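Data block below; observations after.
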Amino acid sequence: MGVYKVDNPKRAKSPWAASHLWVSNGGRKRHLTFHPTKRAAEAKLSEVIGDIDKREYIAPRDGHTIGEVCDFYLRALRVKESTAQSYTNNVELYIRPLLGHRVAKDLTRQDVEAFAVFLRKPLEGDFLKVKAARRAVTNGGEAADWEKRMAGKPTGSRTVSATLTHLTMILNYAVESKWIRSNPAGGVSKKTSGVRRVDKDKVLDKGEARKLIEATCDRWRPYIWFALATGMRKSELAGLQWGDIDFEASLVHVRRQCYKGKFTTPKSENGVRDIPLAPEVVKMMKAWKLACPITDDNLVFPSDNKKPTSGKLIDKYVFHPARAAAGFERPAARAINFHGLRHTFASTLLGDGVAAFIVSRLIGHASVAFTLARYAHWTQDHLDTARAATVAMYGDVRARSDNGTRLEHATVGKIGERRN
């Protein structure tokens with residue numbers, strides 16, 4: 001290590017070199033930085049020595065781009081496949097197109113804040129095309145159709161928050177790998193506008209739910225009926241086995257899910273739950289068990305090839321045709337997606353007076369607070385009902401004396417005057 005002056009015309013403006021060695025992959029390597037003055041070169045060398053002593057030194061040639069760091073991070077993930085897929089989607093949709101070319105150690109907090117601001121802007125230009133192409137891969141359909149649907153719309157606040165969280169995790173990985181000194185995304189706000197409420201118009205009422213069941217083809221009618229009667233996710237229905245249904249106790253035990261043909265535990269610990277079944281549903285499922293194709297995994301709702309059902313194929317060949325055949329009058333009902341059946345289950349229970357903490361448990365939410373916020377419209381209806389009930393119970397009560405005689409307001413006023 002040392003500071004010296006070089007005699008090179010190309011270095012006329014910065015002739016002073018600060019030289020230091022570091023060990024990389026078992027070998028010693030030299031690095032030079034050039035400066036206009038001797039003092040600047042000595043200051044740089046002093047900084048490097050201090051970083052080495054504190055074990056905070058970042059090798060100058062470990063200049064991984066954000067895109068490369070993302071690749072390393074995704075390969076190192078040890079999470080459920082569905083979770084890894086959501087991380088990958090965020091990387092490919094947002095992080096790689098906008099930041100992938102940047103060198104990780106050069107990224108600043110201002111860059112991350114600018115990234116967040118850009119995400120919240122209406123989609124347009126090349127970024128819109130990239131996002132539309134990715135949506136076509138992950139969700140199906142044509143990129144041009146996705147481009148029309150998303151044009152001019154900003155990215156949702158929850159998606160922005162999730163993307164910033166994933167970027168923070170990726171940069172934390174870079175810090176742990178000694179590729180960057182600190183995480184520039186650590187102090188950037190990731191706040192959202194809160195839990196997104198379910199729109200009342202985007203769930204089915206009881207009459208519409210019956211129409212949907214009746215409009216479904218015979219082969220898949222039990223599937224749609226059971227989804228509406230339990231609020232189970234598509235992945236949970238795909239992983240359901242006959243041993244999970246207790247006909248005597250009228251219960252379904254949710255113990256697993258199937259994602260991309262692989263059986264795993266449910267989405268979270270709260271996803272492991274028991275859901276009661278109505279007598280009509282039990283009767284229907286007993287009949288379906290006699291007609292159900294027999295599979296090696298004893299699946300309740302196997303596909304035609306006796307494998308677990310695919311969510312995309314269920315939408316394309318079962319749910320969307322049934323929705324169209326149901327002939328819903330409301331435009332919002334005609335546009336409902338399969339997950340709306342889960343919202344229909346929860347909102348119907350709340351509308352019928354089932355306690356929110358029970359509904360939260362049945363649909364597998366992490367907390368009753370989340371359920372209350374998610375279905376705020378229905379819980380507000382019950383608050384109004386409770387308020388009306390208290391008025392009916394106590395609204396005509398008047399103050400009475402100890403011997404049972406009514407105390408008129410004027411008398412109460414005189415009592416107040418005598419006390420003064």
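Observations, loosely collected:
- In this structure the amide hydrogen of Leu299, modeled in the peptide plane, comes within under 5 Å of no amide hydrogen from residues 5 or more places off or on another chain.
- Under 14 Å, Cβ to Cβ, from Gly231 - net charge with Lys/Arg +1 and Asp/Glu -1: +4
- Cut-off under 5 Å, modelled amide H: who pairs with Leu251 long-range: Asp246, Leu277
- The Cβ shell under 14 Å around Lys80 holds other residues with a net charge of +3, Lys and Arg each +1, Asp and Glu each -1.
- Its alpha carbons give the stretch 204-329 an Rg and a Dmax of 14.0, 42 Å.
- With neighbours defined as other Cβ atoms within 10 Å of a residue's Cβ, the residues Phe319, Phe115 order from fewest to most as Phe115, Phe319.
- Here Tyr375, Tyr173 are placed in order of increasing Cβ neighbour count within 10 Å, fewest first, which gives Tyr173, Tyr375.
- Taking Ile294, Ile358, Ile363 and counting other C-beta atoms within 10 Å, the order from fewest to most: Ile294, Ile358, Ile363
- Listed residue pairs exceeding 24 Å between alpha carbons, taken from Lys129/Lys262; Lys148/Lys234; Lys5/Lys105; Lys121/Lys190; Lys267/Lys289; Lys148/Lys312: Lys129/Lys262; Lys148/Lys234; Lys5/Lys105; Lys267/Lys289
- Peptide packing for 162-170, 347-355 was compared via the average number of neighbouring C-beta atoms within 10 Å per residue; ordered from the highest value, the list is 162-170, 347-355.
Each value in this text was obtained by applying a stated rule to the coordinates, not by laboratory testing. This is a predicted model, so every value here is computed, not measured. Here the Cβ is made from the backbone with ideal geometry for all residues, glycine too, and neighbour counts use every protein chain on show.
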